[in-house]
Amino acid sequence: MRKITIVIADDQMLTREGLRTILDLEDDMEVIGIAKNGLEACEMTEALHPELVLMDIQMPMMDGITALKRIRQSCPETFILILTTFVDEDYIIDAMANGASGYMLKDMDGDKMIDSIRDTVSGQFILPAAVASKLALHVNKLLADQEYRKNLAPTKLDPVRLTEREKEIAELIIQGLNNREIAEALQIAEGTARNYISNLYGKLEVNDRAQAIIRLHTLS
């Protein structure tokens with residue numbers, strides 16, 4: 001069985017060890033490195049090339065966002081999930097803009113955390129509802145700024161015609177649901193949900209979930 005190799009970066013020992021214990025119990029996961037700051041996280045990732053890094057934001061020596069930027073340059077194939085208690089819109093935007101694969105809150109249910117890791121390495125963008133809500137507030141603030149509206153590319157303001165099913169999908173994406181949760185909510189197969197989402201991305205002229213959320217809020 002192929003294992004998802006993971007590096008955990010967090011300045012709190014209990015968090016690091018707790019996560020390692022939980023993840024190492026999974027047959028398809030292996031924690032191959034533990035870092036207590038961003039600099040160690042970069043060095044471990046560059047040496048070990050894990051498939052995924054769980055990255056805290058606030059750490060000594062080098063913070064998680066700075067480490068994220070370095071790893072995206074040195075190890076672009078590595079997925080990075082931001083692991084945090086901070087649902088701060090500036091952190092959210094900064095992490096997403098610099099290539100984070102998503103967000104996981106430290107108080108997330110263990111099973112949901114494990115599912116999120118598996119979803120991430122399968123190519124899904126992870127955005128919990130609490131984080132999606134903060135992102136929505138940030139986007140709404142920008143849209144209230146007339147200068148921002150003025151600078152939007154005209155093509156981005158063109159009307160987008162969505163089917164009723166696509167509207168349902170769009171609403172669930174804004175709420176932060178992943179593909180599997182969307183499929184369950186609509187009582188359809190996950191593959192069918194992925195097809196709807198792919199078609200929706202095409203209509204919105206976006207490539208990923210983060211862009212889709214921002215685009216949908218410009219249309220609301």
With the structure loaded, tell me whether T21 is farther than 15 Å from N98 by Cβ and buried (at least 17 other Cβ atoms within 10 Å of the Cβ) or whether it fails that test.
no
Could you grab me the full set of residues in segment 186-220 that are within 17 Å of the chain's Cα centre (by Cα), of a type in the set (V, I, T) and part of a helix (DSSP H, G or I)?
I197, I213, I214
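Just to confirm my filter: which helices (runs of 4 or more DSSP H) fall fully inside segment 8-112 and include at least 1 residues that are within 24 Å of R209 (Cβ to Cβ) and under 14 Å from the mean Cα position of the chain (by Cα)?
Details: elements: 13-24, 38-48, 64-74, 89-97.
Because the criterion is at least 1 residues that are within 24 Å of R209 (Cβ to Cβ) and under 14 Å from the mean Cα position of the chain (by Cα), the helices (runs of 4 or more DSSP H) in segment 8-112 that meet it are 64-74, 89-97.
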Selection status of T85, exposed (fewer than 15 other Cβ atoms within 10 Å of the Cβ) and among the β-branched types (V, I, T)
yes
Do any residues in segment 37-51 that are in contact (Cβ under 8 Å) with a residue 24 or more places away in the chain and at negative phi have Cβ atoms under 6 Å from those of residues that are loosely packed, with under 15 Cβ neighbours inside 10 Å and among the hydroxyl-bearing types (S, T, Y), where the two are at least six apart or on different chains, and which pairs are they?
E46/S74
Of the residues in segment 38-61 that are surrounded by fewer than 20 Cβ atoms within 10 Å (Cβ to Cβ) and either out of contact with any strand residue (DSSP E or B) (no Cβ under 9 Å at 6 or more places or on another chain) or polar (S, T, N, Q) (or both), the one that is nearest to I6 (Cα to Cα) is E46
Under 7 Å by Cβ, and 6 or more places apart or on different chains, what pairs join a residue from segment 119-132 that is closer than 19 Å to V206 by Cα with one that is of a type in the set (K, R)?
F125/R209; L127/R209
Please go through segment 174-194 and give me each residue that is at pLDDT 90 or above and either not hydrophobic (A, V, I, L, M, F, W, C) or not assigned by TED's automatic domain parsing to the domain that holds E164 (or both), ordered by number.
E184, Q187, T192
Quick check: anything in segment 128-145 surrounded by 13 or more Cβ atoms within 10 Å (Cβ to Cβ) and either part of a loop (DSSP other than H, G, I, E, B) or at pLDDT 80 or above (or both)?
yes
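The values are calculated or read from the model by the stated rules, or taken from the named source; none is laboratory data. Remember, predicted model here, so these are calculated numbers, not experimental data. Quick reminder, even Gly has a Cβ in these numbers, built from the backbone with ideal geometry, and neighbours come from all protein chains shown.
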